[in-house]
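Input: a single structure, listed below in structure tokens.
Only the coordinates and a few stated rules stand behind these numbers; no lab work does. What you see is a predicted model; the values in this text were computed from it and never measured. Here the Cβ positions follow ideal geometry from the backbone for every residue, glycine too, while neighbour counts run over all protein chains shown.
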Amino acid sequence: MGYVRQISVFLDNKPNQLTGVMKLIKNHNINIRALSIADTKDFGILRMIVSDTEKAVDVLREASYAVAETEIVAITIPDTPGQLSRVLDILGEQNVNIEYLYAFLGKSDRSVSFVIRVDDNDNAYTALESGGIIRLTANDISEM
Amino acid sequence: MEKYWDKDIETMPPEKMKALQSERLVKQVKHVYENVKYYRDLMDEKGVKPEDITSVDDLHKLPFISKADLRDSYPYGMLAVPLSECVRIHSTSGTTGKRVVAFYTQNDVDMWENCIARAITAAGGDENDVLQVAYGYGLFTGGAGVHGGSHKVGCLTLPMSSGNTERQIQFMQDLGATFLCCTPSYAAYIGETIQEMGISPDDLKLRAGIFGAEPWTEEMRQTIEKSLGIKAYDIYGLTETSGPGVAFECSEQKGMHINEDNFIPEVINPDTGEVLPDGEVGELVFTSITKEAFPLLRYRTRDLCVLSRGKCKCGRTLIKMTKPMGRSDDMMIIRGVNVFPSQIETVLIAEGYAPNYIIEVDRVNNNDTLDISVEMKPEQFSDKVKDMQDQERSLALAIKTMLGINPKVHLVSPKSITRSEGKAVRVIDKRRLHDMPAK
């Protein structure tokens, strides 16, 4: 179905952790489409959508990083006031719980894209579809 | 059928053992008094003469000696024979101060290797076995000692020393090693590496391992046994008395039999020096009654354990000691509570974590802090911050339940904690720095 897969990587709280990941990604010619970092006092979690998920997971695991692969919801909405709020309303009405979300650059400068991590993907897909929100597939993202 | 290396000694009735010990003790005290000034002074100071010692029941009359005495008398002060009769030395790592150097005559080496041969035999080893020695060779007693014991038994001995783990595994496969001997932390690391290399324990001929030189937990035993597909036996010893082989596990795996024909054990109250009855926890004290070059009388090991007598299912009558609960110098006092690293390790393994951790103790605003960094397993990682923090909290709670004090738990990346090929360093106590007088 072309679900979008996100890679997350555990980062220890010490210098050069992100650098290490980026070097690996670069050396394997993998392109990053979307990225965010959650940081706590103790550690960070790097989340990203990349051009070649499988390869990225392999090289990171090989280098002993803790890596998780998750299916996430990706959408694109017009870059005008109130659009994200509308999306949140749609999800809220269906009781879809959001763990986190982050924005990334879309295809055009008139739209903006979001990665949304929810507790129930199927429920979220149904809600977004009936609300007329455009979902991005893995293909869409790889063509960006 | 249980196999023994020295059946007469290992199954000797206790009264007969006591008579043997008494005879050897009397001789040893005389030898030491006549040949070691340091002892003569200690005994004179206490008003004890060799004639006062007529059996093991008189043991308590002798003064204790401790590591400090060995340091004071470094290097030759405790030597009881001319150097020309010595054939070898070994030495402690010296991590807690000045090194201790121990001397051996050929008889001493033979006695020690026989003790190790008993351990190998008790673990089911014989001349058909291929024994891989992955203890470090050199000043450390582990490598040379097990090597010699393995020769005595007639095993094909692979003198690998520690390190170069992939080569260890390659030899293990190519030469069909059936026994592995190293520190438990290194055994765990070899097990982990085997898994990573995609080798199943079924592909190896390994069937047993004898691990010692550092304290390890029952949980660690299970981890090693599972990852290597073997039975893991404990062996105990210290450089000061000879090296590994002072005590060893039999097939029962419930406590270690002490080679008491060579080493008389006592358990004492570490604060008062009072001898405690069997069954009570206290500091282990050894008197070596057969060593010639470096004989120690009532040497305080700082290891805490319990002694118990009674015939074991294996048929051995040799007195047993529990796994040391920790060396009394490994014990940390944190916020007034006694904490052993082994207690923390027990919780980690029970909660599904690998035994790779660093314990850091510090003092902030006059309050002790306890920080434990633990490697997560790759499958324990989640992309949700909340999940990770929940894992940290639940592990901290389990540790708090065990210790009674609240630690801070930090999960860290897999393989980010340096693996040890010898004795693992797991505790960093920064408080000592603050306690140093300001200049």
The range A:63-88: number of residues that are within 14 Å of another protein chain (Cβ to nearest Cβ), polar (S, T, N, Q) and within 19 Å of the chain's Cα centre (by Cα): 1
Residue that is nearest to B:Asn406 (Cα to Cα), among those in the range B:361-377 that are surrounded by fewer than 17 Cβ atoms within 10 Å (Cβ to Cβ) and within 14 Å of chain A (Cβ to nearest Cβ): B:Asp371
Count - residues of the range A:36-57 that are away from chain B (no Cβ under 13 Å) and surrounded by fewer than 17 Cβ atoms within 10 Å (Cβ to Cβ): 4
Search result, residues across the range B:125-161 that are in a loop (DSSP other than H, G, I, E, B), hydroxyl-bearing (Ser, Thr, Tyr) and crowded, with 23+ Cβ neighbours inside 10 Å: B:Tyr135
Scan of the range A:107-126 for residues that are assigned to a strand (DSSP E or B) and among the charged types (D, E, K, R), ordered by number: A:Arg117
Enumerated helices (runs of 4 or more DSSP H) restricted to the range B:1-53, each holding at least 2 residues that are among the hydrophobic types (A, V, I, L, M, F, W, C): B:14-35, B:37-46
Residue selected from the range B:380-407 under the condition outside any helix (DSSP H, G or I), out of contact with any helix residue (DSSP H, G or I) (no Cβ under 7 Å at 6 or more places or on another chain) and within 13 Å of chain A (Cβ to nearest Cβ), by the criterion nearest to B:Thr193 (Cα to Cα): B:Phe381
Matching strands (runs of 3 or more DSSP E) fully within the range A:1-84 where at least 1 residues are among the basic types (Lys, Arg): A:4-12, A:32-39, A:43-50
Any hit, the range B:365-379, residues being part of a helix (DSSP H, G or I) and either free of Cβ contacts under 8 Å to residues at least 60 places away in the same chain or touching a helix residue (DSSP H, G or I) at 6+ places or on another chain (Cβ under 9 Å) (or both): yes
Residue in the range B:113-133 that is among the aliphatic types (A, V, I, L, M) and without any contact (Cβ under 8 Å) to a residue 60 or more places away in the chain present: yes
Every pair of residues 6+ apart whose Cβ atoms lie under 8 Å, when the first sits in the range B:412-426 and is farther than 21 Å from B:Val133 by Cα and within 12 Å of chain A (Cβ to nearest Cβ) while the second is of a type in the set (D, E, K, R) and part of a loop (DSSP other than H, G, I, E, B): B:Pro414/B:Lys377
Unmet criterion (only one of (1) within 14 Å of chain A (Cβ to nearest Cβ); (2) charged (D, E, K, R); (3) in contact (Cβ under 8 Å) with a residue 60 or more places away in the chain) for B:Lys430: (1)
Residue list for the range A:103-123, filter: of a type in the set (A, V, I, L, M, F, W, C), surrounded by 15 or more Cβ atoms within 10 Å (Cβ to Cβ) and either within 14 Å of chain B (Cβ to nearest Cβ) or out of contact with any Leu (no Cβ under 6 Å at 6 or more places or on another chain) (or both): A:Phe104, A:Val112, A:Val115, A:Ile116, A:Val118
Qualifying residue in the range A:89-102 (condition: in contact (Cβ under 8 Å) with a residue 40 or more places away in the chain, of a type outside the set (Gly, Ala, Ser) and within 14 Å of chain B (Cβ to nearest Cβ)): yes
